[in-house]
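One structure below.
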């Protein structure tokens, strides 16, 4: 009888301490299912290139980065790797004192923190957990992936939150598993629009992203009467500032595995969290109105998005509160923005205010004509009439996400 061959995982070690590589090599071997390989890439920026090449060239490889000498620089390297190639195949080894480094490593994108000095059992357990996770991800990847649909407001008051909320309700009402994610962390308006009282928020999920599974998610989302699952923004502004772009990337990758559609309400287009959602998007809805200021801001937002090299076919221009304008037509708006209008939502101020005051979505009220407008566009999305380009034609952001503290712009209109 032939003994099954043990699967071997390549452990790529990046360290400037030869003693650490020697210690790991003497600790584990191919008999344990681990092949230890030194990674030549120090100092930075060659380290980043070496790590990305190792991940791309060895699909089952694991990066182990040594943070003993310079934790801050190693954490930055982890974040740079994760921003360019969101992956669970990053381990970080560092001093065991305190929990701050562990938390920061998780936020940067490391899937495992291994305290120094390394122990054989903890290293092998981490490798085994990763193998199980990669096997699960491979099975999920073979199935149909959910679609991520961010809504970007070009100007406060354009109704971005209202559109995202009601489209999500329409998709859920048509029988598609849908989650509405509120990333406008300066406002938390979705809970008000849907008359929900959340106990948890996206900040809680972000804090626990390293152990996120369906059971944990179910405990933090709210189920609306329409069948829509909702993950709201935090009412606490201090907690909102703790959420990092890498955490949003991880959350969205997980949500894509759980739902047919993830509709994302974002804040200002310059917010790093909005950029993280845009970077994962299947379609990006850019919301404007037919007025000069809104179109000017839309023009600016589109230029900003273009700087990141995203495929233009990902963009869908939405004109909200549409009515015939003697000064600006739809055709003129398309010419100004060099983008075709994909969807118009008519002006019905009475319906909006009634829905807001009652805490009932516009599409759930029978006393307005907007139900058909949202349902028709939801069907177009489902039938592929509003589909974006193939994934092979997409381009990810080439640069890092800017720091949250320098980029958050708390701008909000009266009717978000």
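The values are calculated or read from the model by the stated rules, or taken from the named source; none is laboratory data. Please read all numbers here as calculations on a predicted model, not as lab measurements. Positions of Cβ are generated from backbone atoms using ideal geometry, with glycine treated the same way; all protein chains shown enter the neighbour counts.
Sort out which residues of the range 84-99 are assigned to a loop (DSSP other than H, G, I, E, B) and either at positive phi or without any contact (Cβ under 8 Å) to a residue 40 or more places away in the chain (or both), and write them in order of number. Write out each step before concluding.
Pass one, the range 84-99, residues assigned to a loop (DSSP other than H, G, I, E, B): 85-89, 96-99.
Residues satisfying the conditions are 85, 87, 96, 97, 98, 99.
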For the range 80-101 the number of residues that are in contact with a helix residue (DSSP H, G or I) (Cβ under 7 Å, 6 or more places away or on another chain) and within 25 Å of residue 125 (Cβ to Cβ) is 13
Under the condition of being assigned to a helix (DSSP H, G or I) and free of Cβ contacts under 8 Å to residues at least 40 places away in the same chain, which residue from the range 343-354 is nearest to residue 320 (Cα to Cα)?
-> 349
Listing of helices (runs of 4 or more DSSP H) fully contained in the range 200-305 that carry 1 or more residues being surrounded by fewer than 21 Cβ atoms within 10 Å (Cβ to Cβ), without any contact (Cβ under 8 Å) to a residue 12 or more places away in the chain and assigned by TED's automatic domain parsing to the domain that holds residue 359 | 214-220, 237-240
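A quick yes/no check of all residues on (1) modelled with pLDDT of 85 or more; (2) in contact with a helix residue (DSSP H, G or I) (Cβ under 7 Å, 6 or more places away or on another chain); (3) over 14 Å from residue 170 (Cβ atoms):
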residue: 307; (1), (2), (3): no, no, yes
residue: 311; (1), (2), (3): no, yes, yes
residue: 327; (1), (2), (3): no, no, yes
residue: 332; (1), (2), (3): yes, no, yes
residue: 335; (1), (2), (3): yes, no, yes
residue: 338; (1), (2), (3): yes, no, yes
residue: 350; (1), (2), (3): no, no, yes
Within the range 43-60, tally of residues that are part of a loop (DSSP other than H, G, I, E, B), touching a strand residue (DSSP E or B) at 6+ places or on another chain (Cβ under 7 Å) and surrounded by 14 or more Cβ atoms within 10 Å (Cβ to Cβ) | 1
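Condition check: closer than 30 Å to residue 177 by Cβ and surrounded by fewer than 17 Cβ atoms within 10 Å (Cβ to Cβ). Does residue 89 satisfy that? Walk me through how you get there before you give the answer.
Numbers: closer than 30 Å to residue 177 by Cβ: yes; surrounded by fewer than 17 Cβ atoms within 10 Å (Cβ to Cβ): no.
In short, no.
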Hey, among the residues in the range 61-76 that are touching a helix residue (DSSP H, G or I) at 6+ places or on another chain (Cβ under 7 Å) and part of a loop (DSSP other than H, G, I, E, B), which one's nearest to residue 38 (Cα to Cα)?
-> 61
Reported set for the range 311-342 where residues are within 18 Å of residue 299 (Cβ to Cβ), touching a residue at least 40 places away in the same chain (Cβ under 8 Å) and either in contact with a strand residue (DSSP E or B) (Cβ under 8 Å, 6 or more places away or on another chain) or part of a strand (DSSP E or B) (or both) is 314, 316, 318, 320, 330, 333, 337, 339, 342
Do we find that residue 79 is at pLDDT below 90, assigned to a helix (DSSP H, G or I) and within 22 Å of residue 17 (Cα to Cα) in this structure?
-> yes
